[in-house]
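The values are calculated or read from the model by the stated rules, or taken from the named source; none is laboratory data. Keep in mind the model is a prediction, meaning the values are calculated, not measured. Here Cβ is always computed from backbone atoms with ideal geometry, including for glycine, and neighbour counts include all displayed protein chains.
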């Protein structure tokens, strides 16, 4: 159960998905009509809705539970069978899509497979089968964004849906090789996961509202033209933070596994927090600096959204270390009620600030709503993780938080911000040589030379 090699696998798959998706949307933007692209976006929105509203057995908790059973050498098949069987039992709910346009009810088989293979992936991650999970994801990416380019030239949303469905089926069959399935529901396990994970389930629903609230308000107040600009730059801006957060896919099962084996959860969260800070702050500042070039060269018609993209990249990526604390809160399996509080505060803030600012300053108001949101939720994750004993605020951790704040100097001058952060890492001794050796021990042999770069900022 290696969190670093697993994280690198998830990182490579996420990067691959982002590149292929970028190619898809570049071609779609040139050859397809806005109506076609809009239908693709609605199908993606339905995926998000399905993942949020239908996952009454929360994905993260399923991963945590199967990893706990695996580390304890207990039989985990009942958890696997129950989770996968539940994903099929909720499929009739998708019949409500028959009241919507035909391309949505044609997507019902795809949505069923989407939920099923999501649970498959979470279970395999919990068992430490990171290679298998990412091979399946790569297979799906090739069909979802690669082969579906054919549908653009035929201007056929039905063909796109067929390709996506076949890709999802192929991924599910591939996962079946490593996680055999039979229809079985263990009522005791089902009730326990639902009861314990209900706060996480509710927070997922509310998080959907907060993550999409700024877009809904933008569409309502400004119309589709400005929504299109905001949507594109926001999707591009989230890529750096999404790549970094991909490591959490292996971190949750790995931290659970070693926690069961007796490792100190606070120590694990501290090392992760400081290493992620070391990576995320330079990426955030450099992303802030180069994003204007990215937009002006590839999407010149969206240059009015450059400031929005810069704000989102800087704040979403720089606060990533604090967002990672949520993973350890799930691993420790203490109270999950903080997730409800954080989600509701987040939703109220995004909707309220968006309604106030968007009529006054346009899509920049939507970006500011998200900036305030990520600062607020990061602070709450810090408070709750400390109060639960999952994270300890000591000298190095406080120094990291100070550096996160100093990274926002990029708003004035990105070069000054980058220099301050890099020098700060060295002078404040954020990571020690012994801690880098731990990282080096987890690193695959091909990357051990790369990890030596970390010694440059170690004390």
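Restrict the check to the stretch 321-337 and report whether at least one residue is farther than 22 Å from residue 254 by Cα and either touching a helix residue (DSSP H, G or I) at 6+ places or on another chain (Cβ under 8 Å) or outside any helix (DSSP H, G or I) (or both).
yes
Residues that are under 22 Å from the mean Cα position of the chain (by Cα) and modelled with pLDDT of 90 or more: does the stretch 353-368 have at least one?
The answer is yes, given that some residue of the stretch 353-368 is under 22 Å from the mean Cα position of the chain (by Cα) and modelled with pLDDT of 90 or more.
Please go through the stretch 392-417 and give me each residue that is more than 19 Å from residue 280 (Cα to Cα) and within 26 Å of the chain's Cα centre (by Cα), ordered by number.
Of everything in the stretch 392-417, those that are more than 19 Å from residue 280 (Cα to Cα) and within 26 Å of the chain's Cα centre (by Cα) turn out to be 392, 393.
Looking for something crowded, with 22+ Cβ neighbours inside 10 Å and under 25 Å from the mean Cα position of the chain (by Cα) - is there at least one such residue anywhere in the stretch 92-104?
No, the stretch 92-104 contains no residue that is crowded, with 22+ Cβ neighbours inside 10 Å and under 25 Å from the mean Cα position of the chain (by Cα).
Checking the conditions here, which among 154, 76, 119, 81 is free of Cβ contacts under 8 Å to residues at least 60 places away in the same chain and either closer than 18 Å to residue 187 by Cα or touching a strand residue (DSSP E or B) at 6+ places or on another chain (Cβ under 7 Å) (or both)? Break it down into steps so the answer makes sense when it comes.
Working: 154 fails: either closer than 18 Å to residue 187 by Cα or touching a strand residue (DSSP E or B) at 6+ places or on another chain (Cβ under 7 Å) (or both); 119 fails: free of Cβ contacts under 8 Å to residues at least 60 places away in the same chain; 81 fails: free of Cβ contacts under 8 Å to residues at least 60 places away in the same chain.
Answer to the selection: 76.
Restricting to the stretch 279-304, name every residue that is surrounded by fewer than 22 Cβ atoms within 10 Å (Cβ to Cβ) and closer than 23 Å to residue 329 by Cβ.
279
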